[in-house]
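First the structure, in the form of structure tokens, and then the observations on it.
A short reminder: the numbers here are calculations on the coordinates, not readings from a lab. This structure is a prediction, so every number in the text was calculated from the model and none was measured.
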Amino acid sequence: METTDTYGDEANYAWVKRITAELPDNLSNRAVVRRMKALEGSTAYKHDTTVYDDTIQLDYRGMCVRSFITFE
């Protein structure tokens, strides 16, 4: 998971926080998001989710922050 600030609704990377974790293959996207947000400590913040091919994008509501969860 990679979390960064946004500027003009685009990822800005003025700062970035990266977290790596091994998760089971059979988890749903929702379960993956919950586990990664718990590891990061951001479970209290609501977000909007956009799913791309191999990336889950989280846009935190009321904040200029975006997270990307990518799968390897």
The range 2-70 - convex hull of the alpha-carbon atoms, volume per residue in Å³: 87
Taking θ as phi - 60°, what are the ³J(HN,Hα) couplings along the range 51-59 by the Karplus curve (6.51, -1.76, 1.60), each to the nearest whole Hz, with x for Gly and Pro? 10, 10, 3, 10, 9, 10, 9, 10, 10
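What percent do you get for the relative contact order of the chain when only Cα pairs under 8 Å and 6+ apart count?
For the chain, the relative contact order is 34 percent.
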Longest principal axis of the chain (C-alpha) makes with the long axis of helix 29-40 (C-alpha) an angle, in degrees to the nearest 10, of 60
